[in-house]
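See structure below.
The values are calculated or read from the model by the stated rules, or taken from the named source; none is laboratory data. Note that this is a predicted model, so its numbers are computed, not measured. Here the Cβ positions follow ideal geometry from the backbone for every residue, glycine too, while neighbour counts run over all protein chains shown.
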Amino acid sequence: MLLEARDIDVVYGRTHAVRQVSLRIDSGEIITVLGANGAGKSSLLKALQGVVRPLRGEVSFKGKSVLRQSAAARVAQGMVLVPEGRQIFVSLTVHDNLLMGAHTRRDDTRAEIEAIYERFPNLAQRRDMLASVLSGGEQQMLAIGRALLCRPALMMLDEPSLGLSPLLVKALFSLIADLNRGGLSILLVEQNTHMALATAHRAYVLELGRLVLEGDAREMATNPRMVAAYLGE
């Protein structure tokens, strides 16, 4: 098992965002977490990454507890979060944004950066431009490229298709599947339920912070409760 979360509670003041949620990710899996806005999906990812500290629960990565470790320490171990909204550095160039993904490394990253440019030719053409000039899709590719330079074993993606055109959404999910075929485990929080279930191996569904459904992604796509609530009749 690559990652396991047990009985996670996340509380902000009087708001109980996540309530006793447990999940697991095995190496080589794509897992998706689904739910409406406000269901607690982003809060769960932040708790797993160490951006917020859960009130209760346990998080283990590669068989060891990381609950008391900082977000940076978890990144060093191979857990990387690509946050909602991408959060790239718009005042830096595309190339400098990629370098930020490798700022804790002491080895030569030039070959890996060139490999990212080969994967994302639009970024290569704009490497010396400010990231602020990139389109939404290009910014998402930059955020993923930056995360790849952390050499993750697990990449967590928070709403990666948000604001993208249907054509770019299709390309994004193709990229996610390709990264997974290359050995990367992925935890995906996504509003595009159809695409997420078509890409993932297993799925979890949150409602008001609670886990209400889990199972094989393809089976979930035909689950009557899932169809009625998220996929349309």
Identity of the residue in the range 185-201, surrounded by fewer than 20 Cβ atoms within 10 Å (Cβ to Cβ) and touching an Asp or Glu at 6+ places or on another chain (Cβ under 9 Å), that ends up farthest from L142 (Cα to Cα): H201
Residue count, the range 153-180 (criterion: closer than 21 Å to K41 by Cβ and polar (S, T, N, Q)): 2
Residue satisfying all of: in the range 43-73; small (G, A, S) and surrounded by 21 or more Cβ atoms within 10 Å (Cβ to Cβ); farthest from A102 (Cα to Cα) among these: S43
Residues of the range 27-42 satisfying the condition of being loosely packed, with under 15 Cβ neighbours inside 10 Å and closer than 24 Å to H194 by Cβ: G28, A36, N37, G38
Qualifying residue in the range 204-215 (condition: over 26 Å from Q87 (Cα atoms), in contact with a strand residue (DSSP E or B) (Cβ under 7 Å, 6 or more places away or on another chain) and either surrounded by 20 or more Cβ atoms within 10 Å (Cβ to Cβ) or of a type in the set (G, A, S) (or both)): yes
Residue under evaluation E219, criteria (1) surrounded by fewer than 22 Cβ atoms within 10 Å (Cβ to Cβ); (2) touching a residue at least 12 places away in the same chain (Cβ under 8 Å), criterion not met: (2)
Strands (runs of 3 or more DSSP E) (entirely within the range 1-104) containing at least 2 residues that are of a type in the set (S, T, N, Q) and at negative phi: 15-25
Wholly within the range 178-221, strands (runs of 3 or more DSSP E) carrying at least 3 residues that are among the acidic types (D, E): none
Matching residues in the range 68-91 - criterion: being at pLDDT 95 or above, within 23 Å of H16 (Cα to Cα) and either of a type in the set (D, E, K, R) or in contact with a strand residue (DSSP E or B) (Cβ under 6 Å, 6 or more places away or on another chain) (or both): L81
Subset of the range 123-146 (residues that are more than 26 Å from S185 (Cβ to Cβ) and either free of Cβ contacts under 8 Å to residues at least 40 places away in the same chain or buried (at least 16 other Cβ atoms within 10 Å of the Cβ) (or both)): A124, Q125, R126, R127, D128, M129, A131, V133, L134, S135
Identity of the residue in the range 152-168, over 13 Å from V82 (Cα atoms) and surrounded by fewer than 16 Cβ atoms within 10 Å (Cβ to Cβ), that ends up modelled with the lowest pLDDT: G163
Output for the range 117-151, where each listed residue is assigned to a helix (DSSP H, G or I), closer than 19 Å to V82 by Cβ and charged (D, E, K, R): R119, E138, R146
Evaluation of V169 against (1) touching a residue at least 24 places away in the same chain (Cβ under 8 Å); (2) over 17 Å from the mean Cα position of the chain (by Cα); (3) part of a helix (DSSP H, G or I) (one fails), failing number: (2)
